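Peer 1: Questions regarding the structure given below will be posed in turn.
The numbers here are math on the coordinates, done by the rules we state, and not lab data. None of these values were measured; they are calculated from a predicted model. As a convention, Cβ positions derive from the backbone with ideal geometry for all residues, glycine included, and neighbour counts pool all protein chains shown.
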Ligand code: CA
């Protein structure tokens, strides 16, 4: 048998590149009334047999068909029969040794994804799918991260029992808290909150939950099995390969109809295990290995995908396009983007722009990795340090702002600006301008479109849990809670007035807690569920978020994502525990205020802040984010209470 090293040598040889790089785009098994076509890429295989089954997991093959070897290492089979709903796998021979595998290009599969399913995609469309359209793109984006299994699991959400934790729950209109008919949950809740984009934690088929097992199982799903198939445990029937496809489409259609764009979390940097359909159909091609042949592990998951290999990059690019085209996804969040190469991400950006219009689909990711992963052929990783090499519309989560606001993400006790940290005033100002041309440490960011401004995500402590660790830790006194709430409002006041793309974890608006669990990826549903009762226990905080979001939509100076946005920062001031920024709010979009003045104050005693010249309307303070509805005015000096924000607007001068 060939060693890993020999495989690796072969794959990186110019001959391999020349002989086996193919442009073909119809891999997988697609059916229509005209017939069915199966295509698999495996230059390494000597023989491939297609096996057809009636079921997705049980029984023997009813037909075994030898595949024909075509050009460029492609294996093909076609028939005039429409094989929609027929399950299949491949038997491949490598140096005489046989391996059975599912299809890496599968678009449908049986329960747990071990067998693929031939599919006529037109039969999986819900009614009205042809007319499905996302709401118009808006610069005033606020991205809200949810997990399908978490969102509707808690009984108090009022979702139909059979739909709890499923795609279908997000198609249910007018759900209310414990079905009281008064307090909205689900879609109506999201509308009231005012978010514009729903980011879905993994909805591709992942491996850590047994789709045939009980409903209490839970996992975030960062362990891909079939990249181009929806996860089965969120479907009402995981056995019938058609159902999960239709139900995910129904969910997206419903989100679109309710005014939200939908972003998909994609995890192309590693797979559930090394023993994947990729490895089985093309040994060692899709994975990075060290020179001695052991797999690279910069994903901390034991297998790093080799995105820089031509056919692997092509796979990833086409997978993204597939979700955008077939499922109408409006954006992509790349998990551990730092393990993918810059060239590939720029190619994906270009392909999406060509197909759907420039910047129409959002693209951003985590610009880091668990460790550095050496790439072949001088490819550059999409790490933070390389942000300048990425397209202006490929963004990154900004950990600088996140940690400056609330403190270090791994060191629980380390505070940030809002909870007692010192010397962070400059970082807060830089956060507002999305780190475009900060005085020190220019990261090479081209525009706010490249930055995700946030303080919470599914990873690490929730914002509330982090504040609980850093403010009167261990205490539950009224004062402790009050101080944490004030810090929470200040944290929200900061990042929601930054020029980047706004992002937050579902429930941050009601002080979501995971009982201090730092990494809940496989914790119980009780730890992870959206607690709709808590949402109404913390109505004041939730209202504060609503007001901030509504106000932001009226402030084009903060929503401008172009490279010129940086010029809007007219003045900045920093002092002890205080940062202030003056922003030009004029532009094409109509706004009542021509300038905005932002004051962030984290001191423990109230203070006086000097205002720039002119009369200012107080649009929001530390407790009320709806003041803009009926604002009071101030000039000269303004008293600022402890741990609080002030958002002020200067009205346009009356014309004439
Ligand atoms: Ca699965």
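Peer 1: Testing the spin-label approximation: label points 7 Å from Cα along Cα→Cβ at residue 2 and residue 23. State their distance in nm.
Peer 2: It works out to 2.6 nm between the two label points.
Peer 1: Here is a further query. So between residue 573 and residue 290, what do we pick up on full extension, going 0.36 nm a residue minus the alpha carbon distance?
Peer 2: The residue 573-residue 290 span can extend by a further 96.9 nm.
Peer 1: Helix 478-495: angle to the longest alpha-carbon principal axis of the chain, degrees 0 to 90, nearest 10?
Peer 2: 70
Peer 1: How far apart, in nm, are the 7 Å Cα→Cβ label points at residue 63 and residue 539?
Peer 2: 6.3
Peer 1: Using only DSSP helix segments of four residues or longer, with each worth -39500 (n - 2.57), what per-residue ellipticity at 222 nm results for the chain after dividing by its residue count and rounding to 500?
Peer 2: Result for the chain, helices only: -6500 deg cm²/dmol.
Peer 1: Could you list 187, 340 in order of exposure, starting from the residue whose Cβ has the fewest other Cβ atoms within 10 Å?
Peer 2: The most exposed by this proxy come first: 187, 340.
Peer 1: Still on this structure, I have one more. If you take every DSSP beta bridge whose two residues both sit in segment 4-124, what share of them, in percent to the nearest 5, is antiparallel?
Peer 2: Percent antiparallel among DSSP bridges in segment 4-124 is about 95.
Peer 1: How high is the FRET efficiency between residue 274 and residue 413 when r is their beta carbon distance and R₀ equals 41 Å, given to the nearest 0.05?
Peer 2: With a Förster radius of 41 Å, E is 0.65.
Peer 1: Still on this structure: Between helix 310-326 and the chain, what is the angle of the helix's C-alpha long axis to the longest principal axis, kept within 0 to 90° and rounded to the nearest 10?
Peer 2: 70
Peer 1: I need the peptides 66-78, 258-270, 470-482 ranked by packing, meaning the mean over residues of other C-beta atoms within 10 angstrom, with the highest value on top.
Peer 2: For the peptides 66-78, 258-270, 470-482, the packing ranking is 258-270, 66-78, 470-482.
Peer 1: May I pose another question? Label residue 522 and residue 481 with points 7 Å out from Cα along Cα→Cβ: what is the distance between them in nm?
Peer 2: 3.5
Peer 1: Can you sort 174, 256, 197 so the residue with the fewest Cβ neighbours within 10 Å comes first?
Peer 2: Fewest-to-most Cβ neighbours within 10 Å comes out as 174, 256, 197.
Peer 1: Quick check: residue separation of residue 624 and residue 99 times 0.36 nm, minus the Cα distance between them. What number comes out in nm?
Peer 2: 182.6 nm
Peer 1: Going by how many other beta carbons lie within 10 Å of each one, how would you line up 93, 208, 233, fewest first?
Peer 2: In order of increasing Cβ crowding within 10 Å: 93, 208, 233.
Peer 1: Quick one: length gained pulling residue 550 to residue 613 fully straight, 0.36 nm per residue minus the C-alpha distance?
Peer 2: 20.0 nm
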